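In what follows, a structure is listed as structure tokens, so that the remarks can point back to it.
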Number of protein chains: 2
Amino acid sequence: VQAVVVEKGAVRVVSDWPCPEPGPGEALVRMRLAGICATDLEIVRGYSPLQGVLGHEFVGEVASAPDPAWVGQRVVATINIGCGECAVCLGQGPEHCPRRKALGITRDGVFAEFVALPLDNLLLVPEGLPDEAAVFAEPLAAALRIREQLAVPPSTLVAVVGPGRLGLLVAQVLAVAGTSVVVLGRRPASLALPQALGLDTALVPAAPTAGFDFVVETTGNAAGLQEALRLVGPLGTVVLKSTYAGAAEVDLTPLVVNEITVVGSRCGPFAPALRLLAAGQVQVEPLIAAVYPLGEAVEALEHAARPDVRKVLLRP
Amino acid sequence: VQAVVVEKGAVRVVSDWPCPEPGPGEALVRMRLAGICATDLEIVRGYSPLQGVLGHEFVGEVASAPDPAWVGQRVVATINIGCGECAVCLGQGPEHCPRRKALGITRDGVFAEFVALPLDNLLLVPEGLPDEAAVFAEPLAAALRIREQLAVPPSTLVAVVGPGRLGLLVAQVLAVAGTSVVVLGRRPASLALPQALGLDTALVPAAPTAGFDFVVETTGNAAGLQEALRLVGPLGTVVLKSTYAGAAEVDLTPLVVNEITVVGSRCGPFAPALRLLAAGQVQVEPLIAAVYPLGEAVEALEHAARPDVRKVLLRP
């Protein structure tokens, strides 16, 4: 089958990748549409030692499954596959299982014609929700994770640093309860899309302090934490949503002196993400910059890495 | 009067420092006993641009005050002096007032025969509590700050990194509700005192992960955050209690992937600290390594900077 494969730090499209064989409790899912995210770009740059199929955002159709009720259903899938036996898996779920595999990060992913996945990871896509919206279930869930970790009072003053593919989802899910959210970017051109989405925007303020209650850092830039510590006010909260390869140089004094809370935030809940998408409460389709055939994935990855490009999709 | 003065990054004892003149609402306090803390050592190394009298931990006796009921009383004092007018001062107190002055950090401190202080900052020392215990009110309050910021469930597994002057107070206040607290150090010699205090101790584990729920970093070492991110388990909390001059190199990936919460923690509540001291629920006097005359403060600061030395005190 056709697949986008990372090997020895290089990415290429192969046409003779073996069709995955589902294990016990697993379905074979035919990919319909997949999305490129910043983590994919980081993996290509060496963030993870992945040797295999890239990709973890997708919508697909079940081709075969141990339970025939699944066959033909349109599905999305959570990306963490735990051991299913440890206290973490049994108590909290697979996201922090020490033996977990993550789709397209430490296990073959979804940039392929077919992917094998545990039934436990699958969620039905609501009828009538187009593939072009359902493909955002994973990043929208990641954005919603913030609301599972922290209370965001409606009177809070929130800044989302980075008007990129993840930042625009985060800003929307933080604004849903009437909270004042401003999307911060470095260049006016990067703010055109958030403005078109009806979000408040501003250039990153140059003043030594800005006094936001919450700052969500989504740039994936090594200097992001230091910048967030400057933008957040005393007793405020910084959420780090990005991983990137390498170390950052950080002066931690403001973190201690201003008693800031920094929260790392990763994967989130799919069911509420699908509900928001089905209800049209979050706008995702304006984020789509291009749709490439799977065979042109290398060009698609290059396109996704360009400035001000949000979501690039792949279709088999 | 005699005073320990920092000027142009050098510390010295002078005998002709002008006696401070109390402003409106201020008392003149005669210092009885003062303590050297890590922040003092950092200031001498250039952490703060202080030009003036060093020191912020002390117990004293009111020499003169606008309200004569204070005269002759034994007192300790909170170290932040806010503008008293802004929303932060009126709402939360002076600790995060943008115009605040901090005793011995940005305003003349307590390593002197006399110090001028607002009455609002003074607290009476409970009768019968010796000076040698009352002088720990400020660092014990700083340790207690953690319990004001975070719920520490009694079944939590806590590590305190750094068996130093602050770490041993933090460990004691976190253990009071039956929580399992282990004090981690790099050398067996550094663990002798915590063991004598009845605290659980261990050498810093070398394994890649350790899985503590809470890790409190008190070493003031630039590598402390990275080490804490290794020791804490997924979804755990790291408390940073130390400030130091300069930047740290940190790989933030584990913070995001393991969804760690990092909390900066600074000054704390004096009233409960005095209650704990008066009730004998925290052992502080075994931490005293030496008492120097104020005139030998330079030697005392050198003594306090040596390994395994906890509290060095100054007496006029």
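The values are calculated or read from the model by the stated rules, or taken from the named source; none is laboratory data. None of these values were measured; they are calculated from a predicted model. Reconstructed Cβ throughout: ideal geometry from the backbone, glycine too, with neighbour counts over all protein chains shown. Note: areas computed on protein heavy atoms with side chains; ligands, DNA, RNA excluded. Shrake-Rupley method; radii C 1.70, N 1.55, O 1.52, S 1.80 Å.
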Requested in this report: Please find, among A:82, A:25, A:55, A:9, the residue that is of a type in the set (Gly, Ala, Ser) and under 18 Å from the mean Cα position of the chain (by Cα).
Outcome: A:55
Query raised in the report: With B:307, B:293 as the choices, which residue is modelled with pLDDT under 95 and closer than 25 Å to residue B:6 by Cα?
Result: B:307
Report summary line: Exception for residue A:256 within (1) within 14 Å of chain B (Cβ to nearest Cβ); (2) farther than 25 Å from residue A:105 by Cβ; (3) among the aliphatic types (A, V, I, L, M); (4) open to solvent by 40 Å² or more (accessible area, probe 1.4 Å) falls at (4)
Query raised in the report: What is the one condition in (1) open to solvent by 10 Å² or more (accessible area, probe 1.4 Å); (2) modelled with pLDDT of 95 or more that residue A:167 does not satisfy?
Result: (1)
**Report entry** helices (runs of 4 or more DSSP H) (entirely within region A:126-182) containing at least 2 residues that are within 14 Å of chain B (Cβ to nearest Cβ)
**Finding:** A:137-149
Query raised in the report: Taking region A:249-268 as the region of interest, how many residues are touching a Ser or Thr at 6+ places or on another chain (Cβ under 9 Å), touching a residue at least 60 places away in the same chain (Cβ under 8 Å) and in a loop (DSSP other than H, G, I, E, B)?
Result: 2
Query raised in the report: So is residue A:206 assigned to a loop (DSSP other than H, G, I, E, B), without any contact (Cβ under 8 Å) to a residue 60 or more places away in the chain and over 21 Å from the mean Cα position of the chain (by Cα) or not?
Result: yes
Query raised in the report: Just one of A:140, A:103, A:123 is open to solvent by 10 Å² or more (accessible area, probe 1.4 Å) and among the aliphatic types (A, V, I, L, M); which is it?
Result: A:123
Query raised in the report: Name the residues in region A:231-248 that are facing another protein chain (nearest Cβ under 8 Å) and either in a strand (DSSP E or B) or crowded, with 23+ Cβ neighbours inside 10 Å (or both), would you?
Result: A:234, A:235, A:240, A:241, A:242, A:248
Report task. Would you check if there is a residue in region B:295-311 being within 14 Å of chain A (Cβ to nearest Cβ) and either open to solvent by less than 10 Å² (accessible area, probe 1.4 Å) or over 25 Å from residue B:188 (Cα atoms) (or both)? Result -> no
Report summary line: The lone condition residue B:227 fails out of (1) part of a helix (DSSP H, G or I); (2) open to solvent by less than 30 Å² (accessible area, probe 1.4 Å) is (2)
Report summary line: Screening B:196, B:175 for residues that are open to solvent by less than 60 Å² (accessible area, probe 1.4 Å) and among the hydrophobic types (A, V, I, L, M, F, W, C) leaves only B:175
Query raised in the report: Within region A:199-214, can you find the residues that are farther than 16 Å from residue A:172 by Cβ and away from chain B (no Cβ under 14 Å)?
Result: A:202, A:203, A:204, A:205, A:206, A:212
Report summary line: In the set B:62, B:110, B:76, B:88, the lone residue that is closer than 19 Å to residue B:137 by Cβ, touching a Lys or Arg at 6+ places or on another chain (Cβ under 9 Å) and crowded, with 19+ Cβ neighbours inside 10 Å is B:62
Query raised in the report: Here are A:196, A:228: which of them is more than 8 Å from chain B (Cβ to nearest Cβ), under 25 Å from the mean Cα position of the chain (by Cα), touching a residue at least 24 places away in the same chain (Cβ under 8 Å) and under 20 Å from residue A:311 (Cβ atoms)?
Result: A:196
Query raised in the report: Which residue, of A:123, A:117, A:90, is at pLDDT below 95 and of a type outside the set (D, E, K, R)?
Result: A:90
Report summary line: Matching residues in region A:239-251 (under 18 Å from the mean Cα position of the chain (by Cα) and among the β-branched types (Val, Ile, Thr)) number 2
